[in-house]
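Colleague: Pasting a structure below so you can have a look.
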Amino acid sequence: MRVALVNTNRIRPPIAPIGLEYIAEFLHASGHDVEILDLCWAENEDEAIGHFFAGNQFGLVGVTLRNTDDCAFTSRQSFLREFSATVQKIRQHTDAFIVLGGVGFSVMPELVLSICDADAGIWSDGEWALCELANRLERGEDWRDVPNLVWKCDGRWHRNSPFEFSLNDLPTMHRSWVDNKRYFKEGGQAGFEAKRGCNGSCIYCADPVAKGRNIRLDRHLR
């Protein structure tokens, strides 16, 4: 299946979408055709979205929300309205199944879905769940029991139980899906993942909510 992944984070300094790279690598290793639209560098978001989807037929579009707000007490700027508008623009250019994800989404998935024109969302780990969703859609099978999925039926939200896989099951990450060098050159950052999950109780951190409390280490860093 052809899958599009969209980075909506345009905040400065720029932060490379490491999560999308991991998901793209997993989908690619599973036989899916993946393309990433990185809106961080788009001068005009509307034009970038229109150009990307023009003439391209995707079966699945994943849209990531990294942060729900700017995390600053002085401004308290929410990104949800802007994110919802971006999802709406994408919807205008494709008939594909649209699924939301990302750490920001995982913190409050039902609320984000309620204001966005999307078909479903994935909370917590996205690699296995998004790949399984793509497989189901490609085969024309029921997708509503896919782990980590959030969806709505008959006015009621359903949040499926999470599936926490071992990071040993991830393919080797080549980190070539986005322009990481440009993020550094533009004064931003690109990172790598040493572990997932945290059993801490810090009230300011989204990691236990978005990635679980079970600590999973990357096999390359043990």
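Colleague: Residue under question is Asp38, and the condition is that it be surrounded by 21 or more Cβ atoms within 10 Å (Cβ to Cβ) and either charged (D, E, K, R) or modelled with pLDDT under 95 (or both); does it hold?
Modeller: yes
Colleague: Could you tell me which of the residues Gly101, Gly121 is buried (at least 22 other Cβ atoms within 10 Å of the Cβ), under 23 Å from Arg12 (Cα atoms), among the small types (Gly, Ala, Ser) and out of contact with any His (no Cβ under 7 Å at 6 or more places or on another chain)?
Modeller: That would be Gly101, the only listed residue that is buried (at least 22 other Cβ atoms within 10 Å of the Cβ), under 23 Å from Arg12 (Cα atoms), among the small types (Gly, Ala, Ser) and out of contact with any His (no Cβ under 7 Å at 6 or more places or on another chain).
Per-residue answers, yes or no, for (1) touching a Cys at 6+ places or on another chain (Cβ under 8 Å); (2) closer than 26 Å to Thr172 by Cα; (3) in a helix (DSSP H, G or I):
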residue: Lys89; (1), (2), (3): no, no, yes
residue: His93; (1), (2), (3): no, no, no
residue: Ile98; (1), (2), (3): no, no, no
residue: Ser106; (1), (2), (3): no, yes, yes
residue: Ala118; (1), (2), (3): no, no, no
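Colleague: Among the listed residues Ala85, Ala96, Ala54, identify the single one that is modelled with pLDDT of 95 or more, more than 24 Å from Asp33 (Cβ to Cβ), over 13 Å from the mean Cα position of the chain (by Cα) and of a type outside the set (S, T, N, Q).
Modeller: Ala85
Colleague: Can you say whether Arg144 is over 21 Å from His32 (Cβ atoms) and not hydrophobic (A, V, I, L, M, F, W, C), as far as the supplied structure shows?
Modeller: Answer is no for this residue.
Colleague: If the Cβ limit is 7 Å and pairs must be 6+ apart or interchain, which residue in region 18-34 that is within 13 Å of Ser176 (Cβ to Cβ) pairs with which residue that is part of a helix (DSSP H, G or I) and among the small types (Gly, Ala, Ser)?
Modeller: Here the result reads Val34/Ala24, each pair linking region 18-34 to a residue that is part of a helix (DSSP H, G or I) and among the small types (Gly, Ala, Ser).
Colleague: Of everything in region 194-214 that's of a type in the set (A, V, I, L, M) and in a loop (DSSP other than H, G, I, E, B), which residue is surrounded by the most Cβ atoms within 10 Å (Cβ to Cβ)?
Modeller: Ala206
Colleague: Could you list all residues from region 164-179 that are part of a loop (DSSP other than H, G, I, E, B) and either at positive phi or loosely packed, with under 14 Cβ neighbours inside 10 Å (or both)?
Modeller: The answer is Ser166, Pro171, Thr172, His174, Arg175, Ser176.
Colleague: Going through Val146, Val150 one at a time, which residue ends up being outside any strand (DSSP E or B), β-branched (Val, Ile, Thr) and at pLDDT 95 or above?
Modeller: Val146
Colleague: Check off (1) surrounded by 13 or more Cβ atoms within 10 Å (Cβ to Cβ); (2) modelled with pLDDT under 85; (3) of a type in the set (Lys, Arg) for Arg182 and give me the number that stays unchecked.
Modeller: (2)
Per-residue answers, yes or no, for (1) free of Cβ contacts under 8 Å to residues at least 40 places away in the same chain; (2) within 27 Å of Asp218 (Cα to Cα):
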| residue | (1), (2) |
| --- | --- |
| Gly121 | yes, yes |
| Cys131 | no, yes |
| Ala134 | no, yes |
| Leu137 | no, no |
| Glu141 | yes, no |
| Arg144 | yes, no |
| Pro147 | yes, yes |
| Trp157 | no, no |
| Phe163 | yes, yes |
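Colleague: Taking the residues in region 1-20 that are in a helix (DSSP H, G or I) and at pLDDT below 95 as candidates, determine which candidate is surrounded by the most Cβ atoms within 10 Å (Cβ to Cβ).
Modeller: Ranking the candidates gives Gly19 first.
Colleague: Hey, can you tell me all the residues within region 130-143 that are over 18 Å from the mean Cα position of the chain (by Cα) and either in a strand (DSSP E or B) or of a type in the set (Asp, Glu) (or both)?
Modeller: Glu138, Glu141, Asp142
Colleague: Another question, then. Can you pull out every residue in region 72-87 that is at negative phi and in a loop (DSSP other than H, G, I, E, B)?
Modeller: Ala72, Phe73, Thr74, Ser75, Gln77, Phe79
The values are calculated or read from the model by the stated rules, or taken from the named source; none is laboratory data. Because the structure is predicted, anything quoted here is derived from the model rather than measured. So basically every Cβ, Gly included, is an ideal-geometry build from the backbone, and we count neighbours across all protein chains shown.
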